[in-house]
Amino acid sequence: MNFSKKTWALILTTAILASAITIFQTEYWGSYGFVTFLFVPLLIGLIPIYFLDENEPIRKSQVVIIGLTTLSIFSIILVLIGIEGMICIAMAAPIGTIITLFGSFIAYILRKNRKKEKGLTTTLIMLTTLSLFSYVDKNSTLSLNEAKTSIVVEANINTVWNNVITFPKLSEPKEYLFKAGISYPIEATIAGKGKGAIRYCKFNTGDFIEPITEWNEPNLLAFNVDQQPLPMKELSMYDIDAPHLHDYFLSKKGQFKLTKLSNNRTLLEGTTWYTHNIRPEFYWKLWSNYIIHRIHLRVLENIKSNSEKN
């Protein structure tokens, strides 16, 4: 689509402004929340449309294209300057796209009925929204989330137990999720036996150190998480060490629960309790639960395979 010079100027200015706000929020303010994932996309959608020349006609299809073009340039800027990698951009894309288009159509409606004196009112509303989102980001409490995955193993409960407490090195992952950079488990070992033993679950980015809090052989192995590695390695041309890789997603504790079934089978459940300091929580919880579920499956299927060989 051929944009006018003024339209391109608005698109580029908005993308740069949005990048500056994002850098300040994440790198200096240390916040990944409503400002980053709601206010910034809203701004990206609103500014280029709202400030177009009143005499320049614009169709709804153009509103969509301008909004998505601005969002794309903004994303490219973050990748090129090494603030974010491709994985995080892809994960944020669905909510970013929806909020950007929402902002674009709000601007389209406002623009059709705009009077010059209302520009100040719109600016004040946006500044108030920014302040409100910043306050909520800084004062929200973290909730403990639970992710549970289960699988049926065609083996007796004692055999499954032995493959739960330690398991040999897993094969290289085939899932694109892990190949793209999400951290994945490699093997597990344990030092000691019973409550107080230390389990080491090795990931490709480092080790989980898990002191055992409950050892109810062969039914329950529960543990806390004293140390965890980086949750991912960003897919980027740079060696990105974004703030969200440190203490924004924290695994707090976990357990393996084994239940004896009929016909010499065992129900094996893996559960992780975690917090993440990224908002809006309802959206990022969808991603977190999906990723943890895939990690659980990688471990549980390995335990199942090893148990059924015996």
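The values are calculated or read from the model by the stated rules, or taken from the named source; none is laboratory data. Treat the numbers as computed from the prediction; the structure is a model and nothing was measured. Cβ coordinates were reconstructed from backbone atoms using ideal geometry, including for glycine residues, and neighbour counts include every protein chain displayed. SASA here: full protein model, heavy atoms, side chains in, ligands and nucleic acids out. Shrake-Rupley method; radii C 1.70, N 1.55, O 1.52, S 1.80 Å.
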**OP:** Would you work out the relative contact order for segment 240-309, in percent, from Cα pairs under 8 angstrom that are 6 or more residues apart?
**Re:** 27
**OP:** With a 1.4 Å probe and every protein chain kept in, tell me what percent of the accessible surface of the chain is carbon plus sulfur.
**Re:** 59
Subject >> Per residue accessible area of the chain, 1.4 Å probe, in Å² >> reply: 51
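Dipole of the chain, Cα-centred, from +1 at each Lys and Arg C-beta and -1 at each Asp and Glu C-beta, to the nearest 20 debye?
The dipole of the chain has a size of about 780 debye.
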Subject >> Length added when fully stretched, Ile81-Asn156, from 0.36 nm per residue minus Cα-Cα >> reply: 21.6 nm
Original post:
Can you list the lysines whose alpha carbon is less than 26 Å from that of Lys138, not counting same-chain residues fewer than 8 positions off?
Top reply: Lys252, Lys253, Lys285
**OP:** Take segment 142-221, drop everything but the C-alpha atoms, weight them equally and run the Debye formula without solvent; then report log10 I(q)/I(0) at 0.10, 0.25, 0.26, 0.27 Å⁻¹ to two decimals.
**Re:** -0.31, -1.30, -1.30, -1.30
**OP:** Express in % the proportion of alpha carbon pairs of the chain at distances exceeding 38 Å.
**Re:** 30
Original post:
Which aspartates and glutamates, on any chain, are close to Lys304 with Cα under 14 Å apart, when same-chain ones fewer than 8 places away are left out?
Top reply: Glu154, Glu269
Original post:
Once amide H atoms are built 1.01 Å from N in the peptide plane, which residues 5 or more positions from Thr205, or in another chain, come under 5 Å H to H?
Top reply: Tyr184
Original post:
Which one of Leu101, Leu170, Ser143 is farthest out on the positive end of the charge dipole of the chain, using unit charges on Cβ (Lys, Arg +1; Asp, Glu -1) and the Cα centre as origin?
Top reply: Leu101
Subject >> Per residue convex hull volume, Cα atoms of segment 157-265, in Å³ >> reply: 119
Original post:
Could you give the distance between the Cα centres of segment 225-290 and segment 1-36, to the whole Å?
Top reply: 30
Original post:
What FRET efficiency comes out for the pair Ile209/Lys148, r = Cβ-Cβ distance, R0 = 25 Å, nearest 0.05?
Top reply: 0.65
Subject >> Isotropic mean projected area of the C-alpha convex hull, segment 239-306 (nm²) >> reply: 6.5
